[in-house]
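Asks: Dropping the structure in here first, questions after.
The values are calculated or read from the model by the stated rules, or taken from the named source; none is laboratory data. Values in this document were obtained by computation on a predicted structure and should not be read as measured data. Note: areas computed on protein heavy atoms with side chains; ligands, DNA, RNA excluded. Shrake-Rupley method; radii C 1.70, N 1.55, O 1.52, S 1.80 Å.
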Amino acid sequence: MKTIYKVLYPVGYEEHEVSDDFPTVLPFVEEVPIQNLENPQSQFFNFSKNRWEETVTPNYAEKLELIETLTETVQKENEFLKEKAEVQENQLTDTQLALAEVYEMLVPADREVN
């Protein structure tokens, strides 16, 4: 007999005793979960690393601070881009007016159309 572990989503596992010739296929693994955790179900199987890893309770205060910093940076960048766009829009308008003046000089408004 061998022990295999059913990987539960998002965390945890179920232990199963099976015969030695039982095939181990997803969602089962033979890797032994981490022992001596306060909560043995507070782990997940990382398939890319082929091992069990303990889940870590995220520090929401740090994440919130990071999000606030990113938000401030994005807002400043947006203001800069908005100002730059306004300058470019003014330059485009000035260019369009200058072209209209040149056109009026080259093609008089009172010219008869044949």
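Asks: Of [x] 6.5; [y] 8.8; [z] 17.5, which one was derived for mean projected area of the Cα convex hull in nm² from the structure shown?
Replies: [z]
Asks: Report the accessible area of LEU99, computed with a 1.4 Å probe over the heavy atoms of all protein chains in place, in Å² rounded to the nearest 10.
Replies: The accessible area comes out at roughly 110 Å².
Asks: Which residues' amide hydrogens lie under 5 Å from the amide hydrogen of GLN43, considering only partners 5 or more residues apart or on another chain, with H built in the peptide plane?
Replies: Distant-sequence amide H within range of GLN43: GLY12, THR55.
Asks: Students often forget the sequence filter, so: which lysines lie under 18 Å Cα-Cα from LYS84 once same-chain residues fewer than 8 apart are removed?
Replies: In chain and number order, the partners are LYS76.
Asks: List the aspartates and glutamates whose Cα sits under 18 Å from the Cα of LYS6, skipping any in the same chain fewer than 8 residues away.
Replies: Of all the aspartates and glutamates, those that pass the test against LYS6 - Cα under 18 Å, at least 8 places apart if same chain - are GLU14, GLU15, GLU17, ASP20, ASP21, GLU30, GLU31, GLU53, GLU54.
Asks: Within straight cross-link reach of LYS2, meaning Cα distance under 29 Å, which lysines are found once same-chain residues fewer than 8 apart are removed?
Replies: Cα-Cα hits under 29 Å: LYS49.
Asks: So, with a 1.4 angstrom probe, what is the percent of accessible area on the chain that is carbon and sulfur? Numbers along the way, then the final one.
Replies: Numbers: 5380 of 9840 Å².
The computed percentage sits at 55.
Asks: Each residue of region 41-53 in turn: what ³J(HN,Hα) in whole Hz from Karplus with 6.51, -1.76, 1.60 and θ = phi - 60°, glycine and Pro shown as x?
Replies: 8, 8, 9, 9, 9, 8, 5, 5, 9, 6, 7, 7, 9
Asks: Return the sequence-ordered ³J(HN,Hα) values of region 77-90 in whole Hz as given by the Karplus equation 6.51 cos²θ - 1.76 cosθ + 1.60 applied to θ = phi - 60°, using x for Gly and Pro.
Replies: Residue by residue, region 77-90 yields 5, 5, 4, 4, 5, 5, 4, 5, 5, 5, 4, 5, 5, 5 Hz.
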